[in-house]
Amino acid sequence: MTLQEIEYYVENLPYLSYQQRRILKEEALDLELWGEKHITDFLPTQEELEGMQKNQVKTVFNNAVSQITQKRRTPIDYSTFNPSYDFNERKPNIIADFKAPEKILGSCPCPKDGELTRCCNLKTLDAVQQCGFACAYCSIQSFYSNDEIKVVSDLDAYLDRLLLKDLNKETVNKETVNNEIWHIGTGQASDSLLLGDDFGTLSALGHFAKRNPQTIIELKTKSARTNWLSLNLPRNIVSTWSINAKTIVEKEEHLTASLNARINAAKKCSQENRLVGFHIHPMIYFKGWEEEYSNLVKQLCDNIEVNNVVMIGLGALTFTKQNLKALRESGRPTRVTQMELTPIAGKFSYPMEVKKKMFSFVYNEFPQEWKEKVFFYLCMEDPSLWMPCLGREYTNNAEFEEDMKNHYLAKINS
Ligand code: SF4
């Protein structure tokens, strides 16, 4: 059913309140994305409904919602999901003469008040805006125009200006900035290695990192590019790969490099004695998740030299309201929304019990040596999950931030 058909159908159901129609519409749109059933399969026909009393309609509504909720609680079955959608049809143009707007340095999307999530206070640098990959759950794609990838062309000059400016203060002297430890990520507005150094982005970052040895620059990618290794970037540029269970890579992370290709790229990087890291994020609760995440951990440990691994971040699939709306309206097939969508810190994610199960399982799959030598953390997650999942916790975000930076710098300087 199309968006219009769903709207027409739901609007014409008798007796339902505004809230009930809204819920049914969302359920109907999600069912279309999952590609198995339509909302009409859960309700009597229009004629039957019209012949019912108000309380009977209420009962059929509740039954329909409860059947779909049951489905959301069950791990996703990807064995029946083989969409024929052509993700290759998305071919954004590259705009390479984009001058840096006043602010391309920002902060991570954790809520700023109340420490609802344990946040490392990552600064984000939007050196490239929009991505050429097509991960189903991605919020970046709907944030920027879908037709173009903008590459900041004056990044060197912009970063120079940063030496004299701080995020919160108008001006600070050069020495103050140099004494601060900045942790900057470039993978929050695009994929950090999608374009490699084709437009000089990595060279500009390398130049900045060399002049600011106290700065940690973190690249994050789902690509398998390694030609940038010849740039000999300074050691305070850490390359990280976003990895996931093989099924998730194949069914939901469209146009990205395969899992093997990503791990081989990380291996090559580590073999050149460069520091690497991994984001096992967003973890997804699907049929076979334990076996596949266990295989993922084994593959990492078999291929990557632990002494070169700086960090491993774990996080669960999470949506903003806008992200869900865009996904539902796009009509692109996916099963990522087949989850309970529990409200948490202004977003929607798995219930805490599911998160606890997944994070502690993955962490416990790592051998002791990895647990001792690598900085493990939960990314943008509820602080109460740390102790049961990782066996340690912080009393506040500042403590986490400091510990993380100290671990990174210890590896960088080793
Ligand atoms: S690689 Fe990252 S930025 Fe690109 S589509 Fe996937 S999640 Fe979005």
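Residue-by-condition table, conditions (1) surrounded by 12 or more Cβ atoms within 10 Å (Cβ to Cβ); (2) in contact with a Phe, Trp or Tyr (Cβ under 8 Å, 6 or more places away or on another chain); (3) within 30 Å of Asp41 (Cβ to Cβ):
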residue: Val60; (1), (2), (3): yes, no, yes
residue: Phe87; (1), (2), (3): yes, no, yes
residue: Ala100; (1), (2), (3): yes, yes, no
residue: Leu116; (1), (2), (3): yes, no, no
residue: Phe143; (1), (2), (3): yes, no, no
Quick one: what pairs do we get from the range 246-257, first residue more than 9 Å from Cys135 (Cα to Cα), second among the basic types (Lys, Arg) and within 11 Å of the ligand (Cβ to nearest atom), C-beta under 7 Å, 6+ apart or different chains? Ala257/Lys222
Against the condition more than 16 Å from the ligand (Cβ to nearest atom), in contact with a Gly (Cβ under 8 Å, 6 or more places away or on another chain), within 21 Å of Lys222 (Cβ to Cβ) and not in a strand (DSSP E or B), how does Pro111 come out, does it pass? no
Of the residues Arg262, Arg235, which is modelled with pLDDT of 95 or more and surrounded by fewer than 22 Cβ atoms within 10 Å (Cβ to Cβ)? Arg235
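Restricting attention to the range 171-194, does a residue exist that is away from the ligand (no atom under 16 Å from the Cβ), within 22 Å of Thr226 (Cα to Cα) and either surrounded by fewer than 22 Cβ atoms within 10 Å (Cβ to Cβ) or at pLDDT 95 or above (or both)?
Filtering the range 171-194 for residues away from the ligand (no atom under 16 Å from the Cβ) gives 171-184.
Filter again for within 22 Å of Thr226 (Cα to Cα), leaving 184.
Restricting the remaining residues to those that are either surrounded by fewer than 22 Cβ atoms within 10 Å (Cβ to Cβ) or at pLDDT 95 or above (or both) gives 184.
Yes, the range 171-194 contains at least one residue that is away from the ligand (no atom under 16 Å from the Cβ), within 22 Å of Thr226 (Cα to Cα) and either surrounded by fewer than 22 Cβ atoms within 10 Å (Cβ to Cβ) or at pLDDT 95 or above (or both).
How many residues does the range 131-153 hold that are assigned to a loop (DSSP other than H, G, I, E, B) and either closer than 14 Å to Gly187 by Cβ or in contact with a helix residue (DSSP H, G or I) (Cβ under 9 Å, 6 or more places away or on another chain) (or both)?
From the range 131-153, those assigned to a loop (DSSP other than H, G, I, E, B) are 131-133, 136-139, 144-147, 153; that's our starting set.
Subset that is either closer than 14 Å to Gly187 by Cβ or in contact with a helix residue (DSSP H, G or I) (Cβ under 9 Å, 6 or more places away or on another chain) (or both): 131-133, 136-139.
Residues that pass the stated criteria total 7.
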Restricted to the range 121-130 and to residues being surrounded by fewer than 22 Cβ atoms within 10 Å (Cβ to Cβ) and either assigned to a loop (DSSP other than H, G, I, E, B) or acidic (Asp, Glu) (or both), the residue farthest from the ligand (Cβ to nearest atom) is Asn121
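Scan the helices (runs of 4 or more DSSP H) fully inside the range 17-97 and keep the ones with 2 or more residues being within 25 Å of the chain's Cα centre (by Cα).
Values: elements: 18-34, 46-50, 54-73.
Where helices (runs of 4 or more DSSP H) fall fully within the range 17-97 and carry at least 2 residues being within 25 Å of the chain's Cα centre (by Cα), they are 18-34, 54-73.
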Go through the range 222-245 and count every residue that is in contact (Cβ under 8 Å) with a residue 40 or more places away in the chain and within 11 Å of the ligand (Cβ to nearest atom). 4
Starting from residues that are buried (at least 23 other Cβ atoms within 10 Å of the Cβ) and touching a residue at least 40 places away in the same chain (Cβ under 8 Å), keep the ones in the range 196-216 and report whichever is nearest to the ligand (Cβ to nearest atom). Thr201
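The values are calculated or read from the model by the stated rules, or taken from the named source; none is laboratory data. Keep in mind that what you see is a predicted model, and the values were worked out from it rather than measured. No Cβ is skipped: glycine too gets one built from the backbone with ideal geometry, and neighbour counts run over all protein chains shown.
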